[in-house]
1. Pull out the extension gain between Leu112 and Ile2, defined as 0.36 nm times the separation in residues minus the alpha carbon to alpha carbon distance; nm, one decimal.
2. With a ≥ b ≥ c the root eigenvalues of the C-alpha gyration tensor of the range 1-110, is it rounded (a/c under 1.5), prolate (a/b larger than b/c) or oblate?
3. Compute the angle between helix 35-55 and the longest alpha-carbon principal axis of the chain, please, reported from 0 to 90 degrees and rounded to the nearest 10.
4. Note the angle between two axes, namely the Cα long axis of helix 172-195 and the longest principal axis of the Cα atoms of the chain, as a number of degrees from 0 to 90, rounded to the nearest 10.
5. With a 1.4 Å probe and all protein chains kept in place, how much accessible area does Leu60 have, in Å² rounded to the nearest 10?
6. Taking the Cα-to-Cβ direction at Trp76 and at Ala161 and moving 7 Å from each Cα, how far apart do the two end points lie in nm?
7. Quick one: angle between helix 118-131 and the longest Cα principal axis of the chain, in degrees between 0 and 90, rounded to 10, please.
8. Can you give me the accessible area per residue for the chain, using a 1.4 Å probe, in Å²?
Amino acid sequence: MISLYLSMAAFALAASISPGPVNLVSLSTGARHGLPVAMRHVAGATLGFTLLLVLIGLGLHQLLVLLPWLTTAIQWAGVAFLLYLAWRLAVDNGALHSAEGGPVASFAGGALMQWLNPKAWLAAIAGTGAFAADGDAGRVWLFAAIYCVVCYLSLACWAIAGTCLQPYLQAPQRVRVFNRVLAGLLVASAGYLVLA
């Protein structure tokens with residue numbers, strides 16, 4: 001049983017810590033607004049993903065098989081959301097702790113971002129396929145619990161890294177460069193999703 005837990009945790013870590021849109025927003029939020037605000041985003045993203053994982057594990061994936069257009073709609077909504085976040089970062093004025101601009105830095109924004117994140121859908125479908133393919137509710141909930149903890153810690157690492165960058169980003173010009181680099185990475189993520 002320990003090997004199953006470790007396998008679930010390893011899968012969750014690989015999927016959660018690897019760069020993606022939610023990780024980049026966690027990094028940016030930590031850099032712009034500090035750790036307390038970033039952790040709201042982290043908590044929302046973690047719980048949003050955990051809910052998605054549980055619903056996929058309990059049968060939502062069957063709906064996607066029956067309605068393939070829904071998968072395409074989710075993918076395009078995710079691409080549009082990534083491009084919107086990239087635009088917000090690219091046009092930001094660079095002022096730290098500003099109420100204007102910047103990425104979504106809230107609990108609800110973090111949760112919504114996971115539901116519009118094709119990487120999250122792929123991780124949820126692949127993970128439940130690997131660890132709870134038979135639809136066993138106990139196994140789904142176990143995987144979700146492990147994933148929740150690992151996802152929270154992984155996203156928190158990105159938020160902490162962003163917070164550590166704050167001393168280097170005191171000048172608005174540096175923040176603008178930082179934001180534009182992140183915007184470019186989000187556009188690249190969106191482009192990858194379109195071409196994949």
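The values are calculated or read from the model by the stated rules, or taken from the named source; none is laboratory data. All figures in this text were calculated on a predicted structure; none of them were measured in a lab. Cβ placement follows ideal geometry from the backbone for every residue including glycine, while neighbour counts extend to all protein chains displayed. We work out accessible area using only protein heavy atoms, side chains counted, and drop any ligands, DNA or RNA first. Shrake-Rupley method; radii C 1.70, N 1.55, O 1.52, S 1.80 Å.
1. Numbers: separation 110, 0.36 × 110 = 39.60 nm, distance 3.29 nm.
Full extension of this stretch gives 36.3 nm more.
2. Numbers: a/c = 2.60, a/b = 1.43, b/c = 1.81.
Taking the square roots of the gyration eigenvalues as a ≥ b ≥ c, the range 1-110 is oblate.
3. Taking Cα atoms only, the helix is inclined about 20 degrees.
4. In the chain, helix 172-195 runs at an angle near 30 degrees to the longest axis.
5. Per-residue accessible area (Leu60): approximately 40 Å².
6. 3.3 nm
7. On a 0 to 90 degree scale, this one is about 30.
8. Details: 9170 Å² over 196 residues.
Heavy-atom accessible area per residue stands at 47 Å².
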